[in-house]
Amino acid sequence: MKKVLVTGGAGFIGSNFINHILKTRDDYFIVNLDKLTYAGNLENLKEVEDNPNYVFVKGDIINRELLDYLFDKYEINHVINFAAESHVDRSILGSEVFYRTNVVGTAVLLEASRNHNVDKFLQVSTDEVYGSLGATGLFTETTPLSPNSPYSSSKAGADMATLSFNHTYGLPVTITRCSNNYGPLQFPEKLIPLMIINALHNKKLPIYGDGMNVRDWIYVIDHNRAVELALENGGDGEVYNVGASQEMTNIEIVKLILQILGKSEDLIEYVKDRPGHDRRYAIDSSKIQNELGWKPEFRFEDAIVKTVEWYKGNRSWWEGIISGDYLKYYEKQYKKR
Ligand code: NAD
Ligand code: TDX
């Protein structure tokens, strides 16, 4: 039995991971440790809350005493660290909590994992640690780290700490670096859910700069299958890029969402650019494909329709979110643009 401490499991990717694993595997016992920040939502885990192979604990990855207690109590032998502050724009508004959780929090979790001799520590990282590409080329695992935002620099710090624990102490660590995810349960501060929800309200869709920045999109289930494989078969001290080779400009995505919803392009509004905005991300995922046998299963054109349908069919999920503190964030972020 894998006894897995999953951190940040109430967020977008972590909750999709837990729902997927508990649906498909009976050899996983999952302890979900989540601080329930603005981005954490137990509604995301309704279908597993009574599963005997699942426990939720509210808490912070920076709390070493709590970690030691959980490792002992549940005999944890695997760790997957999804917990993070994850939004670039918020890191530009204020970076402190990003370094606290993403760097120091990861370091505390690594220390606890080392002291409890876990079989694997899987760090869920991002392609943003590589910085920005020009019009051509792809990020490989040997691309030098060159993060540009407080968010991506904090994730790069966490990656460095993770690799150092392998090099120095022999802790069995693996890192995945994935491109932009989309799918159900994504917090509506990120491009795709924000645009869907604004369009459903006939609100303006704020596109930063010229809308020609490129992201390489992957459906969240494909990312989580890569996390599962990397946890089980990933090499110690190895990094795996994860991406579905589905590059799109932001304006293409927004127009597609409007088309799926049958809304007018008049809703589009070009606004002031994000400071330090990375131009293009694109992933070479041949290492995980060749070494672990992973490959993406969802095509963007199909999965974006599923995603739009999910937001249309789950209004109560996001109406609860956008009526609370989210509004304060939204005004701060978009008012002066
Ligand atoms: P999210 O913001 O939706 O969820 C983050 C979760 O972490 C929330 O449930 C939050 O409550 C929890 N959390 C935050 N600080 C914590 C702390 N100190 N202790 C315990 N829990 C804490 O993020 P997401 O989009 O699901 O991303 C998950 C991970 O994947 C992050 O590490 C992110 O960097 C990485 N990632 C995300 C993407 C993407 O496109 N969203 C792509 C590549 C990698
Ligand atoms: O209102 C918006 N208008 C806009 O033009 C928002 C929210 C975004 N954008 C642009 C900025 C980016 O070029 O859309 C693109 C995607 O933006 P985000 O959804 O904020 O994602 P990004 O900044 O690319 O980072 C994401 O991918 C990598 C995740 O948030 C990270 O957690 C992940 O590591």
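The values are calculated or read from the model by the stated rules, or taken from the named source; none is laboratory data. The shown structure was predicted, so the numbers you read here are calculated from the model rather than taken from an experiment. Don't worry about glycine lacking a Cβ; one is built from the backbone with ideal geometry, like all the others, and counts go over all protein chains shown. Ligands, DNA and RNA are excluded from the accessible area calculation, which covers all protein heavy atoms including side chains. Shrake-Rupley method; radii C 1.70, N 1.55, O 1.52, S 1.80 Å.
Using the Karplus curve 6.51 cos²θ - 1.76 cosθ + 1.60 with θ = phi - 60°, work out ³J(HN,Hα) for each residue of region 74-83 in order, rounded to whole Hz, and write x for Gly and Pro.
9, 6, 4, 10, 9, 10, 10, 9, 8, 4
Cβ under 11 Å from VAL118's Cβ, VAL118 left aside: what net charge do those residues give with Lys, Arg +1 and Asp, Glu -1?
Once all neighbours under 11 Å are counted, the net charge is +2.
First compute the accessible area of the chain with a 1.4 Å probe, then give the percent of it belonging to carbon and sulfur atoms.
Working: 6680 of 13800 Å².
Here it works out to 48 percent.
For a test of the definition: using alpha carbon positions, the gyration tensor, and the 1.5 limit on a/c, classify region 1-84 as rounded, prolate or oblate.
Numbers: a/c = 1.78, a/b = 1.06, b/c = 1.68.
Since a/c reaches 1.5 but b/c is at least a/b, the shape of region 1-84 is classed as oblate.
Work from the charge dipole of the chain (Cβ charges, +1 for Lys and Arg, -1 for Asp and Glu, about the Cα centre) and give the residue of LEU93, ALA156, SER146 farthest towards its positive end.
LEU93
I'd like the antiparallel share, as a percent to the nearest 5, of DSSP beta bridges with both residues in the chain. Spell out each step's value before the answer.
On the way: 3 of 42 bridges.
That works out to approximately 5 percent antiparallel.
Reachable aspartates and glutamates from LYS295, Cα under 20 Å, same-chain residues fewer than 8 places away excluded?
The qualifying aspartates and glutamates are ASP127, GLU141, ASP216, ASP222, GLU228, GLU232, GLU238, GLU247, ASP284.
Stretch TYR74-GLU96 to full length: gain in nm at 0.36 nm per residue minus the Cα-Cα span? Could you put the intermediate results ahead of the total?
On the way: separation 22, 0.36 × 22 = 7.92 nm, distance 3.17 nm.
Working it through step by step, the gained length comes to 4.8 nm.
Amide H neighbours of GLN246 under 5 Å, at least 5 residues apart or on other chains, H built in the peptide plane: list them.
TRP217
Could you tell me the relative contact order of region 204-279? Use alpha-carbon pairs under 8 Å, at least six residues apart, and round to a whole percent.
Details: 72 pairs, mean separation 44.3, N = 76.
Result for region 204-279 is 58 percent.
Picking from PHE82, ASN241, GLY324, whose Cα lies most toward the positive end of the charge dipole for the chain (charges on Cβ: Lys, Arg +1; Asp, Glu -1)?
Final value for the positive-end residue is GLY324.
Once amide H atoms are built 1.01 Å from N in the peptide plane, which residues 5 or more positions from TYR240, or in another chain, come under 5 Å H to H?
ILE175, THR176, ARG177
With +1 assigned to the C-beta of every Lys and Arg and -1 to the C-beta of every Asp and Glu, and no other charges, what is the dipole magnitude of the chain about the Cα centre in debye, to the nearest 20?
Working: 37 positive and 45 negative charges, 180 e Å.
Around 860 debye, computed over the chain.
Over the chain, what relative contact order in percent results from Cα pairs under 8 Å that are six or more residues apart? Intermediate results must be reported in sequence, preceding the final value.
On the way: 624 pairs, mean separation 57.3, N = 337.
Averaging sequence separation for qualifying contacts and normalising by length gives 17 percent for the chain.
Considering every Cα-Cα pair within region 239-318, what fraction, in whole percent, is farther apart than 22 Å? Intermediate values should be presented prior to the final figure.
Details: 1477 of 3160 pairs.
Value for region 239-318 (Cα pairs over 22 Å): 47 percent.
Determine ³J(HN,Hα), in whole Hz, for all residues of region 180-189 in sequence, where each value follows from phi through the Karplus function 6.51 cos²θ - 1.76 cosθ + 1.60 and θ = phi - 60°; x replaces Gly and Pro.
Karplus-based 3J(HN,Hα) across region 180-189 equals 5, 8, 8, x, x, 6, 7, 4, x, 8 Hz.
Among LYS58/LYS190; LYS272/LYS306; LYS203/LYS287; LYS23/LYS272, which pairs are too far apart, with a Cα-Cα distance over 32 Å? Provide the component values of the computation, followed by the final result.
On the way: LYS58/LYS190 24 Å; LYS272/LYS306 30 Å; LYS203/LYS287 42 Å; LYS23/LYS272 43 Å.
In this structure, LYS203/LYS287; LYS23/LYS272 lie more than 32 Å apart at Cα.
Mean residue ellipticity at 222 nm from the helices of the chain, using -39,500 (n - 2.57) per DSSP H segment of n ≥ 4 over the full residue count, to the nearest 500 deg cm²/dmol? Show your work: numbers first, answer last.
Numbers: 12 runs with 134 residues, N = 337.
Value at 222 nm, helices only, nearest 500: -12000 deg cm²/dmol.
Taking the mean number of other Cβ atoms within 10 Å as a proxy for protection, how do you rank 133-141, 294-302 from highest to lowest? It would help to have the intermediate numbers written out before the result.
Values: 133-141: 13.8, 294-302: 15.3.
Averaged packing, sorted descending, gives the order 294-302, 133-141.
Quick one: order LYS23, LYS73, LYS120 from most to least accessible surface, probe 1.4 Å. All intermediate terms of the calculation are to be shown ahead of the outcome.
Values: LYS23 150, LYS73 110, LYS120 10 Å².
Descending order: LYS23, LYS73, LYS120.
Over region 198-255, with the other protein chains present, what is the accessible area per residue in square angstrom, probe 1.4 angstrom?
30 Å²
For region 61-78, list residues with backbone N below 11 Å from a point placed 7 Å from the Cα of TYR169 toward its Cβ?
It comes to no residues whatsoever.
Long-range amide H contacts for LEU205: which residues qualify at under 5 Å (H placed 1.01 Å from N, peptide plane, sequence gap of 5 or more or a different chain)?
Answer set, sorted by chain and number: ILE268, GLU269.
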